[in-house]
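All remarks here apply to the structure that follows.
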Amino acid sequence: MAAITASQMRSGTAVGGMIVIPSALVLGALPFFMVGGLAVQIKGELGLTEASLGAAVTIGFLSGAVIAPLGGRIADRVGPKRAVYIGCAISSVALLGLGLFAGAWATLVGFLCVGGVGIALTDPGLAILVGQTIPAQRQGLAFGIKEASIPAAALVAGLAVPTVALTVGWRWAFLIATLPLGLVLGLLPRLDISRRAPLDPTPAAADTPSSLRPKRRGLLLAAVAAALGTTAASGVGIFLTDSAVAMGMAPGNAGLLLAVGSLAGVFARVGTGALADRTGGPQFRLI
């Protein structure tokens, strides 16, 4: 009976992790993609240009990039749950601030920077949670679902245009976007992260400067590729609706275009993660 109970607990933790992880990262990404998806409405009310809106989003992303290394260290020190709690709380403050108080370019930039700090804490905490709550044979799928949260946030932003922004106003869209916080607060405390995978010191002890050099080059190559891919995907997600409207598309249809296009990113990331689980072993060739 104890073994069954332990198995059920592990299964419940894995399922809960599969829900918490994307919910938290969607929440972290929403400040940026909501600004992009609702760009037409925000620009009209705040009197912004394409250049000023792009600069605001860039500064917000840059703040997250600068804080990210520190965010990883904080997650290691305080633990993944606390890092996710803090990061999600900060992201929610950013969404509420954008919806309630963004009245000029400066306040828009300020709350986007707050959002950058939030995702810089949430993302590394979630990566640790994947390692501690998801079985090794399903971690590819888990990471795929985690990374699919980014296009999923763009999808939510696209749907928010016709359903919220064009009906009750764009500010309501930011307030409603805080709803994933409820899932995180409800499920994260139930995750069992007491079991840590044992560390094998042998490979690390055998590493030498000459053997580490190819690994570092591979890591650098993967980081550059990820940066380029993320830049392309984020650029499309942020500027698609504004560009589509500028080319003559109705704002509601532009939002739907962003939502439908984001589905490709969701399916590709989840599918790649599932493929990684099936192939097993080092994934650098797949990357």
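The values are calculated or read from the model by the stated rules, or taken from the named source; none is laboratory data. Source: prediction; values computed, not measured. So basically every Cβ, Gly included, is an ideal-geometry build from the backbone, and we count neighbours across all protein chains shown. Remember, those area values only see protein heavy atoms, side chains included, never the ligands or the DNA or RNA. Shrake-Rupley method; radii C 1.70, N 1.55, O 1.52, S 1.80 Å.
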For this session: Please specify each residue of region 112-131 satisfying the condition of being open to solvent by 30 Å² or more (accessible area, probe 1.4 Å) and in contact with a Pro (Cβ under 7 Å, 6 or more places away or on another chain).
Result: Ile128
Problem set entry | Close pairs from region 248-272: first in contact (Cβ under 8 Å) with a residue 40 or more places away in the chain, partner surrounded by fewer than 20 Cβ atoms within 10 Å (Cβ to Cβ) and not hydrophobic (A, V, I, L, M, F, W, C), Cβ under 7 Å, at least 6 apart | Gly252/Pro162; Gly255/Pro162; Leu256/Pro162
Exercise. If Leu141 satisfies every condition in (1) at pLDDT 95 or above; (2) more than 20 Å from Gly72 (Cα to Cα); (3) open to solvent by 40 Å² or more (accessible area, probe 1.4 Å) but one, which is the exception?
Worked result: (1)
Seminar exercise, completed: A careful count of residues in region 162-184 that are under 26 Å from Val15 (Cβ atoms), in contact (Cβ under 8 Å) with a residue 60 or more places away in the chain and assigned to a loop (DSSP other than H, G, I, E, B) gives 2
Problem set entry | Counted residues, region 264-287 - those being within 20 Å of the chain's Cα centre (by Cα) and charged (D, E, K, R) | 1
For this session: Considering each residue of region 91-111, count those that are of a type in the set (Phe, Trp, Tyr) and surrounded by 23 or more Cβ atoms within 10 Å (Cβ to Cβ), and give that number.
Result: 1
For this session: Could you please let me know if Gly237 is at pLDDT 85 or above and out of contact with any strand residue (DSSP E or B) (no Cβ under 7 Å at 6 or more places or on another chain)?
Result: yes
Seminar exercise, completed: Out of (1) open to solvent by 30 Å² or more (accessible area, probe 1.4 Å); (2) of a type in the set (Val, Ile, Thr); (3) modelled with pLDDT of 95 or more, the one Val84 does not meet is (1)
Exercise. Looking only at residues in region 240-263 that are of a type in the set (Gly, Ala, Ser) and either buried (at least 20 other Cβ atoms within 10 Å of the Cβ) or closer than 13 Å to Ala152 by Cα (or both), which one is farthest from the chain's Cα centre (by Cα)?
Worked result: Ala254
Problem set entry | Number of positions in region 102-153 that are under 16 Å from the mean Cα position of the chain (by Cα) and of a type in the set (Gly, Ala, Ser) | 12
